[in-house]
């Protein structure tokens with residue numbers, strides 16, 4: 001849909017009526033649920049972007065002290081990447097109609113996502129054990145907050161993931177769960193990109 | 001301009017939506033309580049919004065009683081007064097107006113007006129309402145916790161919002177922030193529905209430019225809200241952490257009652273930026289649906305097509321975009337760089353252009369129209385007048401040099417109540433009188449409606465015109481009592497008393513309105529199917545109120561825009577969007593209209 005062309009039309013003109021009468025209703029050929037997810041991810045992008053803007057603003061103040069990235073952060077991002085790869089493998093399997101592989105991909109992807117969340121919690125514990133504590137350091141407070149926000153989104157994704165896995169276990173075939181698997185994978189990739197960008201941001205600031 | 005109505009086009013077959021797409025309730029609970037029907041959800045949203053709005057109304061009476069007669073009401077302490085101010089503001093802006101326009105009117109009208117059976121994600125839509133209700137309950141619960149609700153002012157500025165000198169700085173502020181976060185989560189669920197339904201679930205022939213402006217207003221406001229609410233969400237989380245965990249996102253190094261607190265280095269101005277990045281679009285989140293609805297009310301009740309439909313759409317989209325670059329005009333006195341002030345004053349002037357364009361188009365829609373002074377029309381005209389008044393004082397405050405002396409005075413209170421309190425509420429009232437027959441099949445009592453209109457409209461001016469004067473003479477806002485202040489004349493006291501009496505009378509008129517609704521639901525005059533002879537699809541359903549699934553087995557097919565009123569060459573002065581062009585010609589020929 002060309003939004004600007006559409007809102008430039010004159011619906012009261014005869015010539016436009018002939019065009020408008022053939023309109024089928026929807027703006028996009030994509031399924032509504034895909035569009036809904038994309039818009040939601042747009043909202044999430046705004047949420048994280050504004051937090052990063054706040055982070056940048058807070059950085060300019062005198063008490064800002066950067067925090068070191070523990071090794072576990074590197075490991076966690078590798079786990080999240082592997083989780084995303086497994087989900088993508090599940091998508092490819094669904095497109096090829098291989099239900100068993102879809103199940104394996106989803107289970108591995110979900111398990112790795114849980115491992116990532118556990119790793120994030122462990123990272124926080126390590127940081128605290130090293131003597132960093134959020135209230136005294138705004139950089140650390142942002143790190144914890146952004147990690148929590150990201151983690152909560154991943155937990156939300158795991159709810160959708162759980163429903164899809166239940167459908168597979170309930171006997172649904174690959175073609176029946178393909179859409180759900182694709183949406184889960186898309187969401188996983190998005191969260192991977194978000195965490196990767198945040199990781200880069202934490203590293204350079 | 002050539003109207004499209006007499007033009008014959010090839011027959012377009014009806015679009016059918018498989019019934020599997022529509023959720024059918026099986027029990028009383030799933031039909032009326034945990035309902036997935038957008039119309040039921042709309043009524044739930046509206047009922048909850050009005051209920052909490054009445055709480056906000058009572059709080060405003062209490063504030064006015066204190067201001068008008070400061071010696072009489074000893075139970076209203078300074079702390080309590082600040083809590084009333086804060087809760088009144090937040091309730092009215094977020095929990096009443098936003099919820100009513102988007103959750104109420106959005107849910108009821110979008111599917112019907114675009115020709116859909118329901119919202120595209122009915123389950124998510126249902127959850128949206130229950131999360132909203134939870135947000136309201138959390139907010140209300142703050143009245144009952146130790147220390148009471150927050151009294152930080154509706155802007156919740158740190159550091160004072162979480163310092164112990166401010167009422168409700170313990171549990172009160174935390175519950176407010178949690179409630180706001182819940183509201184935003186609930187709204188996001190609903191907002192996704194509104195946007196995707198408008199984009200994807202329109203019926204055949206319903207192009208974007210055939211949508212009624214009501215849908216355009218709600219759609220654009222929803223997009224704004226989806227982009228602006230994250231700023232409030234982030235600031236709510238950060239301030240909660242500051243309050244509960246002692247982080248210093250917004251809290252600077254500060255001494256409280258002689259004791260150095262653990263906070264240090266935070267930026268209160270950062271909160272202000274985040275808050276107003278949400279807060280100014282919020283004005284248009286409320287205003288744009290009002291703009292859309294009032295356009296349709298004017299067109300229907302003046303029997304004319306809306307003047308400059310295309311410009312009206314562009315203005316809605318343009319205002320929406322510009323609303324994101326004016327936020328810091330709320331912060332001129334925060335110590336910002338003067339060049340920033342210049343920038344935001346300029347963008348504020350620019351946003352007045354599409355806004356003024358809409359006012360001109362509304363006025364030109366009335367020009368030579370067949371104006372029916374029905375209640376919806378009266379409220380629509382009252383809106384135009386009030387919006388212009390409130391908008392003009394906005395130009396005062398958008399200008400840095402004028403804003404600085406008027407900042408934090410009653411002038412500001414008068415301005416924003418006129419422009420985003422009274423004006424949108426007038427549209428809400430007009431819309432209720434207009435669509436009540438659709439929702440219930442009955443008319444509201446006209447005599448009570450006339451009383452409600454005149455007392456509300458004139459009373460609002462008796463309240464807010466003098467309030468501008470109070471601001472000019474320097475009466476500050478949020479003060480429990482003016483006391484003896486050299487530069488404030490004694491007449492300010494009498495004026496305050498006068499305003500209070502006017503506010504109580506206007507408040508009573510709202511009680512009459514509620515009574516009218518409650519009695520008319522059961523005993524109101526039975527309405528015709530399309531009493532206002534409107535063209536848009538919501539009036540073309542086979543049953544009134546519309547049944548489950550909105551339309552019959554076949555969805556309507558749209559052949560024209562929503563503004564075919566008084567079309568030359570047709571007998572009827574309106575042609576519904578779904579009437580086939582052949583049928584229009586036939587009707588005209590049979591009755592000799594050609």
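The values are calculated or read from the model by the stated rules, or taken from the named source; none is laboratory data. Values in this document were obtained by computation on a predicted structure and should not be read as measured data. Here the Cβ is made from the backbone with ideal geometry for all residues, glycine too, and neighbour counts use every protein chain on show.
Could you grab me the full set of residues in the range B:356-388 that are over 16 Å from residue B:302 (Cβ atoms) and surrounded by fewer than 21 Cβ atoms within 10 Å (Cβ to Cβ)? Selection gives B:356, B:357, B:388. Can you confirm whether the range B:300-310 contains a residue that is within 14 Å of chain A (Cβ to nearest Cβ), buried (at least 21 other Cβ atoms within 10 Å of the Cβ), part of a helix (DSSP H, G or I) and touching a strand residue (DSSP E or B) at 6+ places or on another chain (Cβ under 8 Å)? Among the residues of the range B:300-310, not one is within 14 Å of chain A (Cβ to nearest Cβ), buried (at least 21 other Cβ atoms within 10 Å of the Cβ), part of a helix (DSSP H, G or I) and touching a strand residue (DSSP E or B) at 6+ places or on another chain (Cβ under 8 Å), which makes the answer no. On the stretch given as the range B:253-285, residues that are within 12 Å of chain A (Cβ to nearest Cβ) and more than 35 Å from the chain's Cα centre (by Cα) total 6.
Look at the range A:28-58 and say how many of its residues are surrounded by 17 or more Cβ atoms within 10 Å (Cβ to Cβ), at the interface with chain B (Cβ under 7 Å from one of its Cβ atoms) and more than 24 Å from residue B:203 (Cβ to Cβ). Adding up the residues that qualify gives 8. I'm trying to understand the selection: among the residues of the range B:345-355, which are surrounded by 15 or more Cβ atoms within 10 Å (Cβ to Cβ), without any contact (Cβ under 8 Å) to a residue 40 or more places away in the chain and more than 16 Å from residue B:311 (Cβ to Cβ)? Matches in the range B:345-355: B:347 only. Residues in the range A:28-55 that are touching a residue at least 12 places away in the same chain (Cβ under 8 Å) and not in a helix (DSSP H, G or I): 2 in all. Taken over the range B:498-508, the criterion of being under 20 Å from the mean Cα position of the chain (by Cα) and without any contact (Cβ under 8 Å) to a residue 60 or more places away in the chain is satisfied by B:506 alone. Taking first residues from the range A:135-150 that are at positive phi and more than 8 Å from chain B (Cβ to nearest Cβ) and partners that are modelled with pLDDT under 95 and in a loop (DSSP other than H, G, I, E, B), no Cβ contact under 7 Å between residues at least 6 apart in sequence or on separate chains turns up.
Of the residues B:546, B:576, B:556, which is surrounded by 13 or more Cβ atoms within 10 Å (Cβ to Cβ), within 13 Å of another protein chain (Cβ to nearest Cβ), farther than 30 Å from residue B:454 by Cα and in contact with a helix residue (DSSP H, G or I) (Cβ under 8 Å, 6 or more places away or on another chain)? B:556 is the lone residue from the list that is surrounded by 13 or more Cβ atoms within 10 Å (Cβ to Cβ), within 13 Å of another protein chain (Cβ to nearest Cβ), farther than 30 Å from residue B:454 by Cα and in contact with a helix residue (DSSP H, G or I) (Cβ under 8 Å, 6 or more places away or on another chain).
For (1) assigned to a loop (DSSP other than H, G, I, E, B); (2) at pLDDT 95 or above; (3) in contact with a strand residue (DSSP E or B) (Cβ under 6 Å, 6 or more places away or on another chain), each residue gets a yes or a no:
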site	(1), (2), (3)
B:373	yes, yes, no
B:376	no, yes, no
B:380	no, yes, no
B:388	no, yes, no
B:396	no, no, no
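Per the listing B:587, B:514, the residue uniquely farther than 17 Å from residue B:299 by Cβ, at pLDDT below 95, more than 14 Å from every other protein chain (Cβ to nearest Cβ) and part of a helix (DSSP H, G or I) is B:587. Hey, among the residues in the range A:13-27 that are facing another protein chain (nearest Cβ under 7 Å) and not in a helix (DSSP H, G or I), which one's surrounded by the fewest Cβ atoms within 10 Å (Cβ to Cβ)? That would be A:24.
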